[in-house]
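Data first, discussion second: the structure below is written as structure tokens.
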């Protein structure tokens, strides 16, 4: 008997799950952990409403994937029940590899990209469920012959981006980030097993890319959120040098202790078992533990993050002679200068393909009016 479950979502209303295998994934501890990981990390220091989680986003992306697949089926494209379910599983699990505070600590705990950890966790789930995720993993990795299934998960215009822009705009209150999701999905089609969009959606695509540009400049790269992230990374680096991150959290201690040998299956399984227990709560516990640390710098940074008494940071548009990469970690923050580049639409990362009225399929970059969205924006930051 199929088990039905309804989630009440503030963006889309009711999100329905009518598949027992999908519910088995949602009820698994790996997925439930996403309830305890904020989607936007420390951005709530700037936008107090930005406390939504990866759990919210995963369900939203699943909903959009379902809508997109139903629409493509209605257009006559063959998508089997197994492929439909595999794509739903893949998008549902696409973020399970995120660590505490999402991207903030991606390379601070272990130097492995979250998508790699996601794949490891999907493979672990697949073993637990007797091969149930075989096809989902194939879709997630882009190995399935129907390329559009993967492109709906990861491309320049995928359901992941559609949901996080809409959701982040809603929870931050930055209305400029709101996008016309329904029209974009209605304009999707498939040609030669690749995802394309009808030319009549061209201005909706422009609005999508413009909204992405605004959300990066106004939210994701906000100077206060960035200094909070840099403070946390610097704190973890300094604690690691002094105390090897003895935080009181067994999962935290074990994960940071497993940095080598992850190509070994048994070592990787051990890492996943501990990583799957990590969430934002562990980081807050760490900050409370180190607020009274004998190292005054560690204590000061922990207090700054708990009390939001962060260093000041200025934005300039002129390069500095000693500008550094934003990912670098240093003993001190004061005086640091770093640069962040952003492009709303970079054709080198893959093109959005447009079908013109004459049937010709062309890349979005061929439209000269979109050139401003392909220009690189550089921001230079100085910590005071």
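The values are calculated or read from the model by the stated rules, or taken from the named source; none is laboratory data. Since the structure is predicted, the reported quantities are computational estimates derived from the model, not experimental observations. Heads up, the Cβs are rebuilt from the backbone with ideal geometry, glycines too, and the neighbour counts pull from every protein chain shown.
Things worth noting here:
Residues checked against (1) outside any loop (DSSP other than H, G, I, E, B); (2) farther than 19 Å from residue 365 by Cα; (3) out of contact with any strand residue (DSSP E or B) (no Cβ under 8 Å at 6 or more places or on another chain):
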| residue | (1), (2), (3) |
| --- | --- |
| 155 | no, no, no |
| 160 | yes, yes, yes |
| 164 | yes, yes, yes |
| 197 | yes, no, no |
| 205 | yes, no, no |
| 211 | yes, no, yes |
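- Within the range 280-308, the set of residues being outside any loop (DSSP other than H, G, I, E, B), loosely packed, with under 15 Cβ neighbours inside 10 Å and in contact (Cβ under 8 Å) with a residue 24 or more places away in the chain comprises 281, 285.
- Among the residues of the range 103-134, just one is at pLDDT below 95, closer than 19 Å to residue 32 by Cα and surrounded by 22 or more Cβ atoms within 10 Å (Cβ to Cβ), namely 117.
- Residue, surrounded by the fewest Cβ atoms within 10 Å (Cβ to Cβ), within the range 2-26, restricted to residues that are part of a loop (DSSP other than H, G, I, E, B) and over 22 Å from the mean Cα position of the chain (by Cα): 2
- For the range 193-200, the count of residues that are within 30 Å of residue 340 (Cβ to Cβ) and modelled with pLDDT of 95 or more is nonzero.
- Yes/no for residue 76 being under 15 Å from the mean Cα position of the chain (by Cα) and at positive phi: no
- Meets criteria (crowded, with 21+ Cβ neighbours inside 10 Å, touching a helix residue (DSSP H, G or I) at 6+ places or on another chain (Cβ under 6 Å) and under 30 Å from residue 230 (Cα atoms)) for residue 96: yes
- Scan the range 360-384 for residues that are closer than 24 Å to residue 150 by Cα and either in a loop (DSSP other than H, G, I, E, B) or touching a helix residue (DSSP H, G or I) at 6+ places or on another chain (Cβ under 7 Å) (or both) and the total you get is 5.
- Scope the range 313-322; condition out of contact with any helix residue (DSSP H, G or I) (no Cβ under 8 Å at 6 or more places or on another chain) and either within 11 Å of residue 379 (Cβ to Cβ) or modelled with pLDDT of 90 or more (or both); matching residues: 316, 317, 318, 319
- Looking across the range 69-92, the residues that are assigned to a helix (DSSP H, G or I) and free of Cβ contacts under 8 Å to residues at least 60 places away in the same chain come down to 70, 73, 74, 81, 82, 84.
- Scanning the range 344-359 for residues that are part of a loop (DSSP other than H, G, I, E, B) and under 20 Å from residue 193 (Cβ atoms) gives 350, 351, 352, 356, 359.
- Residue 65 meets all of the listed conditions (1) more than 28 Å from residue 183 (Cα to Cα); (2) in contact (Cβ under 8 Å) with a residue 12 or more places away in the chain but one, namely (1).
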